[in-house]
Amino acid sequence: MPAKGGCVGHRPTENGTDVIVVGAGVIGLATAWRCAQRGFNVTVVDPDPGRGASHYAAGMLAPVTEAHFGEESLLHLTIEAARRYPAFVADLQAAAGISVGYRTTGMLAVAFDNDDRAVLAELHAYHNSLGLTSTLLSSRECRDREPALAPAIRAGLWVEGDHQVDNRRLVQALRAACDRVGVRFLPTEAHLDVHGNRVRGANGIPAAATVLAAGAWSPHVAGLPEAVRPPVRPVKGQILRLRVDPNRPLLTRAVRAFVRGRPLYVVPRETGEIVVGGTVEEMGFDQRVTVEAVADLLDDARRLVPGLVDADFVEASAGLRPGSPDNGPMVGPSGVDGLVIATGHYRNGILLAPITADAVAELLATGAIPEEFVPFDPRRFFDPDWSARHSHRRTAPAASPRSGKDGTSAEPDAARDEKEAATK
């Protein structure tokens, strides 16, 4: 049973539940599973489990790829998340009986011209200043690692400790693990039940605690108190899925690049699937797949890996990542009794799902949020007093990594976000 002194101490009624999780993406599913493992009775409310941003991701686990100036607290969190990922994968695969396609084959960022090569050198220097590990490579060294790359490649940045996971298999495994520990699923739109200054459940189901984990849709959940509506916005990313013969793979690891000024990533799976993405679009809740984006992605991918011209075209889709004002997640108490927030993970949702789930389960069991999540408390956007008390903790230096990633830009936020690869 949950520990005494936590946010959930008892089941509220015979027909109720300990915890309601609103949202069944990778964050919501991982949270539901971990809470159920802690002894909570859990209900998940989502009209279409597993079909949000988590379904349209590429599955890159990229703490060093996403290392940018001024985001050292986020870097600290993502590095810790990457460190814990192997144990999470082992636990989940044992619980679900499903492989999640976790691979530690590294990541390679490449440059087509001198300007891009200078960006990689700057990023390499930034990695060194933080104690992160990356290696600058010549054109020949890049193609020694990945012979299918175009001869026009000028340079590269190699990070051996990079990871990736098959996001769709991950979601499938989380759903299976939830089923095996008795998590209940309610396939409908959520409506929070609020009485006074307390959220008391959702959709007529009483709950001691409700976790808001609806991704880009989190601010729009019916019944959510206006005072704690998280400032989350949808950021569109269009993504392609191709396929090659798994016995004759073109690539052995994820590759990132700028091609004609556009960001691109190409992520190979052991199954022969190749995920191609790169767009970042502030288009609200528009999930249309456009001819222009598909054409650009295909052209850029073929320029980077010419052999893709013979790949099978499988799918084109678009997902909406939950962006936040400072690019950091919102995980912790909302300021309204009975409501916990777990959203705003933007480009790091797949990477941060396990560590977020553990943090929420710990909060509900003990009443305390783990130290690494203090800079990402949702109240930094709602409560000026909280922000004033904790502002010194939001720029903590990054910890030394156990594993790392590369990246392709160290520009200020506004310029970087126009170029940055879309779906994580």
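The values are calculated or read from the model by the stated rules, or taken from the named source; none is laboratory data. Only a predicted model underlies this, so the values are computations on that prediction, with no experimental measurement involved. Here the Cβ is made from the backbone with ideal geometry for all residues, glycine too, and neighbour counts use every protein chain on show. We work out accessible area using only protein heavy atoms, side chains counted, and drop any ligands, DNA or RNA first. Shrake-Rupley method; radii C 1.70, N 1.55, O 1.52, S 1.80 Å.
Here the average projected area of the convex hull drawn through the C-alpha atoms of the chain stands at 19.0 nm².
Note on Arg145/Thr188: beta-carbon distance plugged into 1/(1 + (r/R0)^6) with R0 of 35 Å gives a FRET efficiency of 0.10.
Once R0 is set to 30 Å, what does the formula 1/(1 + (r/R0)^6) return for the Cβ-Cβ distance between Asn128 and Thr271, expressed as a FRET efficiency to the nearest 0.05? Before the final figure, lay out the partial values.
On the way: r = 36 Å, r/R0 = 1.20.
Calculated value: 0.25.
What is the gain in length, in nm to one decimal, between Arg243 and Arg84 on full extension, counting 0.36 nm per residue of separation less the C-alpha to C-alpha distance?
54.2 nm is the gain from fully extending Arg243 to Arg84.
The distance linking the stretch 307-358 with the stretch 152-191 is 10 Å (Cα centroid to Cα centroid, whole angstrom).
At q = 0.15, 0.17, 0.20, 0.26 Å⁻¹ the log10 of I(q)/I(0) for the stretch 152-230 amounts to -0.73, -0.84, -1.02, -1.27, computed by Debye summation with a single uniform scatterer per C-alpha, solvent ignored.
In debye to the nearest 20, how big a dipole does the chain give about its Cα centre with +1 on each Lys and Arg Cβ and -1 on each Asp and Glu Cβ? Kindly include the intermediate steps, with their values, before the conclusion.
On the way: 46 positive and 51 negative charges, 146 e Å.
Here the chain has a charge dipole of around 700 debye.
Could you tell me which of rounded, prolate or oblate describes the stretch 66-171, using a ≥ b ≥ c as the square roots of the eigenvalues of the alpha-carbon gyration tensor, with rounded for a/c under 1.5 and, failing that, prolate when a/b is larger than b/c and oblate otherwise? Because a/c hits 1.5 or more and a/b fails to exceed b/c, the stretch 66-171 counts as oblate. Take the Cα of Ala152, step 7 Å toward its Cβ, do the same at Asp113, and the gap between the two points is 1.0 nm. Here is how the number arises for the chain: DSSP H runs of 4 or more residues each give -39500 (n - 2.57), the sum is divided by the residue count, and the result at 222 nm is -9000 deg cm²/dmol.
Computed extension length for Val314-Ala222: 29.5 nm, one decimal, from 0.36 nm per residue of separation with the Cα-Cα distance subtracted.
Over all distinct Cα-Cα pairs of the stretch 162-204, the Kirkwood formula returns a hydrodynamic radius of 13.3 Å. For the stretch 110-116, the Karplus equation 6.51 cos²θ - 1.76 cosθ + 1.60, evaluated at θ = phi - 60°, returns couplings of 10, 10, 9, 9, 5, 4, 5 Hz by residue, with Gly and Pro reported as x.
Short-range pairs are left out: with C-alpha atoms under 8 Å and at least six residues apart, the relative contact order of the stretch 264-360 is 18 percent.
Based on C-alpha pairs under 8 angstrom that are at least 6 apart in sequence, the chain has a relative contact order of 28 percent. Heavy-atom accessible surface of the stretch 157-253, averaged per residue, reaches 41 Å², computed with a 1.4 Å probe. Per atom type, the stretch 11-86 shows carbon and sulfur on 42% of its accessible surface, probed at 1.4 Å. Around the amide H of Val340, modelled in the peptide plane, lie the amide H atoms of Thr210, Val211, Leu212, all under 5 Å away and 5 or more residues distant in sequence or on another chain. With the Kirkwood sum run over all distinct C-alpha pairs, the stretch 213-336 has a hydrodynamic radius of 16.4 Å.
In the frame of its principal axes, the stretch 249-400 has Cα extents of 56, 31, 29 Å, reported largest first. Debye sum, Cα scatterers, the stretch 113-185, no solvent: what log₁₀ I/I(0) at q = 0.17, 0.25 1/Å? So the normalised log intensities work out to -0.73, -1.12. Note on His195 and Ala121: the extension gain reaches 21.1 nm, defined as 0.36 nm multiplied by sequence separation minus the Cα-Cα distance. Between Asp91 and Phe285, the modelled labels are 3.4 nm apart [label points 7 Å from Cα along Cα→Cβ].
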